[in-house]
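One structure below.
The values are calculated or read from the model by the stated rules, or taken from the named source; none is laboratory data. Note that this is a predicted model, so its numbers are computed, not measured. Here the Cβ positions follow ideal geometry from the backbone for every residue, glycine too, while neighbour counts run over all protein chains shown.
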Amino acid sequence: MAGAVDAQEYRGARRRLVALLQDQGIRDLSVLHAIDEVPRHLFIPTAVRHRAYEDSALPIGSGQTISQPSIHARYLELLRLTGHERVLEIGTGSGYQTALLAKLASQVFTIERIGSLLERAKEVLQQISVNNVSFMLGDGTLGWPEFAPYNAILVGAAAPEIPPAYIDQLADGGRLLIPLGGRDEQTLHLFTRNSDTLERKDIAPVRFVPLVGKHSWES
Ligand code: SAM
């Protein structure tokens, strides 16, 4: 019974979050619908769960954070997914963005370097019956060559420059979203591959945790 009351309470909070995102200019109905459907509170540690539907980044353990919902919404809107894509996500974190991607694309491949986060994300995604996601524990700066090319690559952590694997593994016409810059401040870039060239668009200043690995900053 308490669970049903909780679910109802969270449902109202989620509706208000979707309305807030619309007010902020998010227009893609499939993105708004995915945010309305995915129970973000399940991806948030219990100590801060009451804040799950605020537009805030929150701690998820191991020194990492789940990004604020408006960042996720903006990211996903920029990718213009139609439901047929194969997507590579670097930095599974809580698994929340993975769940949104699983609703918006055909197949999701996600890589996380911290085992405890990956295990927790797998559990929650299984709990909510998401079954089009493949998980890898490892260094996401190398990409995941076995399943390339990808129609979209999303990097949820900041790098000094693009790891070469992402260019090699991006399909023609594919989109790469990555925060590039220094450890403390970066610019979110959207790259689109046109045969052998990459078209670059600068989106916004952002602050992400560092991408740690062979082709980024070492730990
Ligand atoms: N989008 C995630 C969510 O919805 O919770 C949050 C991602 S969090 C901002 C960035 C994640 O990238 C962290 O979990 C971190 O451990 C991971 N990360 C950093 N470097 C990585 C690497 N080389 N390979 C895979 N994951 C990495």
Scan region 48-75 and report the pairs whose first residue is over 26 Å from Leu176 (Cβ atoms) and in contact (Cβ under 8 Å) with a residue 40 or more places away in the chain and whose second residue is more than 10 Å from the ligand (Cβ to nearest atom) and in a loop (DSSP other than H, G, I, E, B), with Cβ atoms within less than 7 Å and a gap of 6+ or a chain change.
-> Gly61/Pro45
Just one of Ile162, Ile178, Ile153, Ile167 is within 14 Å of the ligand (Cβ to nearest atom), at pLDDT 95 or above and more than 18 Å from Gln97 (Cβ to Cβ); which is it?
-> Ile162
Within region 141-150, can you find the residues that are within 14 Å of the ligand (Cβ to nearest atom) and either free of Cβ contacts under 8 Å to residues at least 60 places away in the same chain or among the hydrophobic types (A, V, I, L, M, F, W, C) (or both)?
-> Leu142, Gly143, Trp144
Taking Phe208, is it in a loop (DSSP other than H, G, I, E, B), under 15 Å from the mean Cα position of the chain (by Cα) and either within 14 Å of the ligand (Cβ to nearest atom) or over 13 Å from Leu88 (Cβ atoms) (or both)?
-> yes
Report the residue count in region 124-140 for those that are part of a helix (DSSP H, G or I), surrounded by fewer than 23 Cβ atoms within 10 Å (Cβ to Cβ) and either modelled with pLDDT under 95 or within 14 Å of the ligand (Cβ to nearest atom) (or both).
-> 1
